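Working notes, beginning with the structure itself.
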Amino acid sequence: MKILCMPTLNSTCVYYRFENFIKYWRKQGHEIAFAYWGPDFQQSCLWERDMTTKFISEVNDLVNSSELVIFQGVHTQKAVALILALQEAYKQPILAEYDDSPYSVNSSSPNFKHVGPGSKVELWGDEQIKKSDGVIVSTEYLKDVFASKNSKVFVVPNCIDFEIWDKLKSKKKKDKSIVKIGWEGGANQEINLRLIKKVIPKILDEFPNVVFHFKFGGYQIPYLNHERIIFEDFHSWVAIDKHPQALKDANFDIGVAPLRDLEFNRAKSNLRWLEYSALKIPTVASDVGPYRCIENGANGFLAREEEDWLDSLRKLIKDKALRVSMGKAAYREIRKNYNVERASKDYMERLSTFI
């Protein structure tokens with residue numbers, strides 16, 4: 001099949017929703033055009049805001065030579081107009097691809113005033129979802145959200161490329177007596193980190209051999225203030241193709257994944273757990289929809305109240321054998337059910353139904 005993939009988002013979203021699958025589609029013999037993106041992009045792709053005559057001509061040629069087109073969620077009237085014009089001009093199916101809900105962006109998001117409910121971005125996203133020939137989403141929750149907008153919505157979960165993650169080099173820990181609790185994520189997570197605002201200091205005070213490593217946040221959080229909280233790389237973003245090794249090098253012994261039970265968060269995927277598990281790091285996660293794929297006590301811990309967080313972290317800190325066994329169990333689970341090589345074949349089968 002000949003497919004054109006048009007990204008609009010930052011490098012992490014584009015990697016997991018496009019490039020991860022494209023690699024295996026090409027191995028399977030499909031022809032994929034992957035336009036206007038690079039692994040260093042930290043912000044959204046800019047083509048939909050700056051449509052030159054040259055750009056429109058190039059996209060026109062790419063669509064004309066493709067059998068199917070996938071646009072990630074768009075943010076501008078120009079982008080929606082382009083999609084509608086292409087649908088009018090060609091018979092090729094044009095699908096939308098969404099990893100988040102455009103209908104319930106948290107007010108804590110740095111971009112809330114531009115993309116929140118009632119914004120033009122929500123309006124254009126809604127138009128794209130309704131007018132597309134089909135919609136690809138990352139979770140069952142998103143499928144339910146979009147079901148009233150489009151009759152052809154299907155789920156493709158985020159997955160791990162074990163060909164990459166299994167070959168990462170290990171970095172020796174300087175002090176094996178230290179237990180490192182870690183978190184990694186983006187700048188819109190401050191509201192979720194508040195869930196462990198009291199937990200982390202209590203754990204650090206209780207266990208002198210524990211440190212907390214806050215990685216990639218893009219900002220330093222005043223209320224997470226302790227001599228054993230590591231913030232030195234909070235602004236040190238890396239390109240997405242370097243991200244797996246950077247996370248491996250952090251040498252987390254335990255990963256945390258706090259997530260508030262909000263409408264927008266219910267549409268989120270379990271990606272943080274997938275990445276920790278790919279490195280066999282045991283996870284303590286919030287007991288909310290995206291993480292209920294975790295079998296509590298077997299391949300991770302789920303926490304609702306502060307005492308749940310404290311109890312789960314205490315168990316993992318005190319018991320290295322438990323950390324190892326739980327990390328391995330999580331790895332086995334995601335290798336079985338979130339393996340991109342296998343999922344890419346199922347994804348392509350779904351796409352073929354539109355041709």
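Residues that are surrounded by fewer than 18 Cβ atoms within 10 Å (Cβ to Cβ), touching a residue at least 40 places away in the same chain (Cβ under 8 Å) and not in a loop (DSSP other than H, G, I, E, B) within the range 135-189 comprise PHE154, PHE162, GLU163, ILE164, listed in sequence order.
Tell me which of these ASP205 doesn't satisfy, since it passes every other one: (1) in contact with an Asp or Glu (Cβ under 8 Å, 6 or more places away or on another chain); (2) of a type in the set (D, E, K, R); (3) at pLDDT 90 or above. For ASP205, the exception is condition (1). Residues of the range 280-299 that are closer than 23 Å to VAL156 by Cβ and either within 19 Å of the chain's Cα centre (by Cα) or of a type in the set (A, V, I, L, M, F, W, C) (or both): THR283, ALA285, VAL288, GLY289, PRO290, TYR291, ARG292, CYS293, ILE294. When VAL179 is evaluated against the numbered criteria (1) modelled with pLDDT of 90 or more; (2) in the same structural domain as ARG272 (by TED's automatic domain parsing); (3) touching a Gly at 6+ places or on another chain (Cβ under 8 Å), which criterion, by number, is the only one it fails? Answer for VAL179: the failing condition is (3). When LEU259 is tested against (1) in contact with a Pro (Cβ under 7 Å, 6 or more places away or on another chain); (2) surrounded by fewer than 17 Cβ atoms within 10 Å (Cβ to Cβ), exactly one condition is not met: (2). When restricted to residues that are more than 17 Å from ALA298 (Cα to Cα) and in a helix (DSSP H, G or I), the range 311-355 contains 13. Per the listing TYR276, TYR291, TYR338, TYR331, the residue uniquely of a type in the set (Ser, Thr, Tyr), surrounded by 15 or more Cβ atoms within 10 Å (Cβ to Cβ) and out of contact with any helix residue (DSSP H, G or I) (no Cβ under 7 Å at 6 or more places or on another chain) is TYR276. Of the residues making up the range 291-311, those that are aromatic (Phe, Trp, Tyr) and closer than 16 Å to ALA330 by Cβ are TYR291, PHE301. Summed over the range 100-144, the residues that are among the β-branched types (Val, Ile, Thr), farther than 20 Å from LEU84 by Cα and modelled with pLDDT under 95 give a count of 2.
Conditions (1) assigned by TED's automatic domain parsing to the domain that holds SER132; (2) in a loop (DSSP other than H, G, I, E, B); (3) modelled with pLDDT under 95; (4) surrounded by fewer than 17 Cβ atoms within 10 Å (Cβ to Cβ), marked per residue:
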position	(1), (2), (3), (4)
THR8	yes, yes, yes, no
TYR15	yes, no, yes, no
TRP37	yes, yes, yes, no
GLN43	yes, yes, yes, yes
LEU46	yes, yes, yes, yes
ASP50	yes, yes, yes, yes
GLU58	yes, no, yes, yes
SER66	yes, yes, no, no
VAL74	yes, yes, yes, no
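For the range 184-204, filtering for residues that are of a type in the set (Asp, Glu) and either in contact with a helix residue (DSSP H, G or I) (Cβ under 8 Å, 6 or more places away or on another chain) or outside the structural domain of LEU313 (by TED's automatic domain parsing) (or both) leaves 1.
Considering LEU168, LEU84, the condition of being more than 24 Å from LYS23 (Cβ to Cβ), touching an Asp or Glu at 6+ places or on another chain (Cβ under 9 Å) and either at pLDDT 95 or above or of a type in the set (D, E, K, R) (or both) is satisfied by LEU84 alone. Just one residue in the set ARG314, ARG292, ARG304, ARG266 is free of Cβ contacts under 8 Å to residues at least 12 places away in the same chain and at negative phi; that residue is ARG292. Screening ARG323, ARG292 for residues that are outside the structural domain of ASN20 (by TED's automatic domain parsing) and under 22 Å from LYS143 (Cα atoms) leaves exactly one candidate, ARG292. Consider GLU97 carefully, then state whether it is at pLDDT 95 or above and surrounded by 15 or more Cβ atoms within 10 Å (Cβ to Cβ). Criteria met by GLU97.
The values are calculated or read from the model by the stated rules, or taken from the named source; none is laboratory data. Here the structure is a predicted model, which means the values were calculated and not measured. Reconstructed Cβ throughout: ideal geometry from the backbone, glycine too, with neighbour counts over all protein chains shown.
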